[in-house]
Each structure stands twice: as C-alpha cells, then as structure tokens.
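Notes follow once the structure below has been shown.
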Amino acid sequence: MSTLLMRLRAPMMSWGDHSQFGHRDSRREPTKSAVIGLLCAALGRPRWESIYDLAALKMGVRVNKEGVLQRDYHTVQDNLWDKEKANTTLSERYYVADADYLVGLEGEVELLTQLDAALQSPCWQLYFGRKSFIPSHPIRVGIVKQPLLIALQTATYEHRGRKAPPFPLRLVLDAEDGTDTRQDVPLDWQRRRFGRRTVATTYHSPEVLCTFPS
C-alpha cells in the first residue's frame, strides 16, 4: 500500500462535523469530509458525481501543532431557514487558530497519483472549511510507498524556533476497532448524507528537521 501525504497549515481552519444552523462547531483536527471536499475541489469534481472512491481511502492525521479553538460571533439577516420573518439570526462559528497538520490517505497508487497531480495544479480554489481560510503552506507533500501509520510516524517533523518541539505528537487514524465514532464520511454531497467511521488516537515522536526561527 502507498500513502498520499498532505500538509494543512493556515492561520485559521474550521473542521465542523455536526453543525446545525446558528451553531457551527469545529473539531481539533481535519474531518474526513473536509479532506475529501478539498480533493474534489482539486480534481474539479462537481457535487453530483460519485465520491465512493475517495471515501474508501483510509485516512490518518498527525497533529504537528495543536491549534487554539476560537469563536466568531456572526449575525445573519434574511436567512434561508426563516423565510417568513426577516429577523436577524445570531450565529456562533468556531474555528481552530494557528494549527499544523500532516494528513495521510492510504490506497491504490493509481488513484493517489491522480490526487497528487491535482494538488499540484488544482482545478478550483482550495480552502479549509471556509472560503476565507486559505492555506499558508503548500498542501502537496507527495506519495510514499508505506502504509498509513508508518508514513505518518516516519515523516520528518519540521521544527521552527529555539524551543523544544512539542513531543509526542497526536495521531488520529481510521480504525475498525476504534472507540471514537465520527459521522463525517461523505456519501452524497447534494443530499448531505454522511456515513460513520471509527478512529483511534495514538502518540508518536518523529524525526526532527531543525530550521531557522521564523
């Protein structure tokens, strides 16, 4: 098996998985629906096309830097879910600030090669949860001929600054025997149908690549 690696880094990112109207939550790491949506944008795949091949990929996340959960206060006027009343609706929208993730997708090399090429030259704009949350670092890392867990464990950790790196790093991977259930596997974008998956969390201290302070 091979693994496609992606770097998700930005000042602000939002990873909602059970948001409802005025309350928009965010997880501490990327959801599978967000990653697959990112790949669909890179491929230029519209909402009505099947996403079964992408949803079947095994996913894992290494949290290089834990972000800070923040909350935005929004007001929405003439909202779609209150057509009879033109009242202003209050909205709480959460996001993760100053985080850094390494995402891995395990699957057949033919599909991963196609995805890797799309990330190098995306068809549509790529963003992290909201259109204003754009990457601050190139997303594409490349393909390694390793299973998912080993790929995340052996990928070099880029350490910036003089302080000691925050080891061990948290890893969240798809696992059939996992105890954490999440409903973030996209089945149909148009009908907003999502399936469940279970994940397991482990910790690991990877090899460190020291860089100049920034």
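Regarding T179, is this residue of a type outside the set (G, A, S), over 15 Å from the mean Cα position of the chain (by Cα) and either more than 24 Å from T3 (Cβ to Cβ) or at pLDDT below 90 (or both)?
Yes: the conditions hold for T179.
W124 is checked against (1) of a type outside the set (A, V, I, L, M); (2) touching a helix residue (DSSP H, G or I) at 6+ places or on another chain (Cβ under 6 Å); (3) surrounded by 15 or more Cβ atoms within 10 Å (Cβ to Cβ) and fails just one. What number does that condition carry?
Answer for W124: the failing condition is (3).
Out of all the residues in region 95-121, which are within 13 Å of the chain's Cα centre (by Cα) and either exposed (fewer than 14 other Cβ atoms within 10 Å of the Cβ) or within 25 Å of T202 (Cβ to Cβ) (or both)?
Of everything in region 95-121, those that are within 13 Å of the chain's Cα centre (by Cα) and either exposed (fewer than 14 other Cβ atoms within 10 Å of the Cβ) or within 25 Å of T202 (Cβ to Cβ) (or both) turn out to be V96, A99, D100, Y101, L102, V103, G104, L105.
Among (1) of a type in the set (V, I, T); (2) under 15 Å from the mean Cα position of the chain (by Cα); (3) part of a strand (DSSP E or B), there is one condition T3 misses while meeting the rest; what is its number?
The number of the failed condition is (2).
Could you tell me whether I134 is closer than 22 Å to L38 by Cβ, part of a loop (DSSP other than H, G, I, E, B), β-branched (V, I, T) and modelled with pLDDT of 85 or more?
Taking the combined requirement at face value, the residue satisfies it.
Write out, first by first residue and then by second, each pair whose Cβ atoms fall under 8 Å of each other, whose residues are 6+ apart or on separate chains, and whose first residue, in region 115-129, is over 16 Å from I51 (Cβ atoms) while the second is of a type in the set (S, T, N, Q) and surrounded by 13 or more Cβ atoms within 10 Å (Cβ to Cβ).
F128/S14; G129/S14; G129/S26
If a residue must be at pLDDT 80 or above, part of a strand (DSSP E or B) and of a type in the set (A, V, I, L, M), how many such residues does region 69-128 contain?
Of the residues in region 69-128, 7 are at pLDDT 80 or above, part of a strand (DSSP E or B) and of a type in the set (A, V, I, L, M).
The values are calculated or read from the model by the stated rules, or taken from the named source; none is laboratory data. Just so we're clear, the structure is a prediction, and the values are computed from it rather than from any experiment. Cβ sites come from the backbone with ideal geometry, for glycine too, and all protein chains shown count toward neighbours.
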